[in-house]
1. Among the residues of the range 262-276, what is the count of those that are surrounded by fewer than 22 Cβ atoms within 10 Å (Cβ to Cβ) and either within 20 Å of Val242 (Cα to Cα) or modelled with pLDDT of 85 or more (or both)?
2. Any idea which of Arg300, Arg283 is within 30 Å of Arg363 (Cβ to Cβ), modelled with pLDDT of 85 or more, surrounded by fewer than 18 Cβ atoms within 10 Å (Cβ to Cβ) and not acidic (Asp, Glu)?
3. Considering the range 134-154 alone, what residues qualify as being outside any helix (DSSP H, G or I) and of a type in the set (A, V, I, L, M)?
4. Do we find that Gly333 is out of contact with any Pro (no Cβ under 6 Å at 6 or more places or on another chain), under 24 Å from Glu264 (Cα atoms) and at pLDDT 80 or above in this structure?
5. Which pairs turn up if I take residues in the range 488-503 that are modelled with pLDDT of 85 or more and look for partners that are of a type in the set (Ser, Thr, Tyr) with beta carbon separation below 9 Å, at least 6 apart in sequence or on another chain?
6. Which one is farthest from Thr330 (Cα to Cα) among residues in the range 240-260 that are modelled with pLDDT under 80 and outside any loop (DSSP other than H, G, I, E, B)?
7. Please work out if Glu317 is under 30 Å from Ala422 (Cα atoms) and not basic (Lys, Arg).
8. Could you please give the count of residues in the range 220-248 that are touching a residue at least 24 places away in the same chain (Cβ under 8 Å), more than 22 Å from Val295 (Cα to Cα) and either among the hydrophobic types (A, V, I, L, M, F, W, C) or not assigned by TED's automatic domain parsing to the domain that holds Tyr288 (or both)?
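The values are calculated or read from the model by the stated rules, or taken from the named source; none is laboratory data. Just so it is clear, the structure is predicted and the values come from calculations on it, not from any experiment. Methodologically, a virtual Cβ is constructed for each residue, glycine included, from the backbone with ideal geometry; neighbour enumeration extends over all protein chains shown.
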Amino acid sequence: MGIMSVVLVASATLLVGLFLGWLTNGKIREKRLNQAHAAADQITGRAREEAEALKKTAILEARDEWHRESEPLEQELEKSKRAVRTLEGQLLERERQLERKVDVLESKERNLTVTAKELQHREQQIASSEAEAEAMVRQQVQLLESLAKMTQADARRMLIEKQEESARQFAARKVKEIKDDAIANGNRYAKEIISRSIQRFAAELAVEGTVSVVQIPSDDMKGRIIGRDGRNIRSFEMTTGVEVIVDDTPGIVMLSAFDPLRREVARSTLDKLIIDGRIHPGRIEEVYEKAREDVEDMVRESGSKAAFDLGIHDLAEPLLEHLGQLRFRTSFGQNLLEHSKEVGFLAGMMAEELELDVALARRAGLLHDISKAANHDVGSDPAQASATLLRKSGEGQEVAEVVETHDRPTPARSLIATIVEAANQISLNRPGAQKEKVEEYIRRLRNIEEIAMARPGVERAYALQNGKEMRVLLDSGSVDDAGADRVADEICQKLEQELDQPGQLKVSVIREVRAVHYAR
């Protein structure tokens, strides 16, 4: 019991002590709180004073800064205001100007309206006048048609026909003048170049043809050539492939063969046998081989000499052989090797006169007929065959093209090809160059006359000067002077189309008026 009382008393005492301590602490805390509030009020008062002082200082500084910053802005604003006032003044001035222009345009519009009304009135007057004029013209046309007994279309057609005839005559005269002038100048220049070339070349007029006659020293030699029972002549013909003609003609023996080269080998063989005097089959074969080698050497030498004479030193060996074989080929009695050399010389000289490629002209002129050395038929186009042979032999493309086109009057033909063709025609058509059969000569002249007689208005036509000139007599009643030139031109065109004749043919058209009366 006593312990419980002690505990209770102790607890009560502890509680009282705690309560008293709490009260004491509360007073202390209250006192401290009051002190803290007093200190806070002092600090707040001082802070407020300092804040007021800082505020006043900041306001003063802000005012100073604002004055410093606002001064240029105020100046810029003032400048902008002045610019605005200036722009407003300009706009007002422009507005006043536009108002004045509007007034002017309105005035012009009123004037244009008045003018348009006047023009409309004048147009109406003009339309009325035109209608009256057209009516008067129709009346005049009707009056003229009734007086002339011809409609307006007929008169227009007649006038057009007269104008066309007049223009045709004028055109014919101008064409004739132009042609005469071109022919005069062209012929003069061409004659100068050709005459210089021919004078410088100065070749023989006639070329010796390949002979097939062998001279023998006596008629006894004929018997030795024939041999016993004809064995020598048979052996000779079998070996050489040439027919031997032995007749009663004294001092000669004739050889016949279609191949001139083979005939030349046979002629050389027979010449050697005659000189040797020993004629028998074995000797014939031996001499024939020797003669064939000699002729082959002659062929090479002839081709090399022809090329050397024209200054050509790089021809291929096959071309030299073909060129040498031309020595034994003829065309209308003209030796083809001499003809080729002549064409080469003439083409080179004309090219020199015209300042063209002389070497190319000579080379193409020499080789233009190279295909005719072949033993077979070259066909209807020897120029194409020659160009093909040149290409196969390694000749240059430029030479082959000239040879291929020299006889074709195409726009693609070069000047060298034209010169080669001119030289070829000069060589073919000079006097004594070719031979022609009488029947072909007569047929050619008759054909020329028939072509001329086929033209309307031609009374008579005569071929003269070996077919190099033709005179045509016109009917003066059906053809006038201007028409005579047209007839001559038409005849020339027809001759060029239908005739395959070398050289040129002069056509002289004659129109004469004859007045015949009889006095009784």
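1. Residues that pass the stated criteria total 7.
2. Working: Arg283 fails: within 30 Å of Arg363 (Cβ to Cβ).
Testing whether each residue is within 30 Å of Arg363 (Cβ to Cβ), modelled with pLDDT of 85 or more, surrounded by fewer than 18 Cβ atoms within 10 Å (Cβ to Cβ) and not acidic (Asp, Glu) leaves just Arg300.
3. Matches in the range 134-154: Met150 only.
4. So Gly333 does not fit the description; no.
5. Short answer, once both residue conditions are applied: Ala488/Ser508.
6. Among residues in the range 240-260 that are modelled with pLDDT under 80 and outside any loop (DSSP other than H, G, I, E, B), the one farthest from Thr330 (Cα to Cα) is Ser256.
7. Working: under 30 Å from Ala422 (Cα atoms): yes; not basic (Lys, Arg): yes.
Yes.
8. 2
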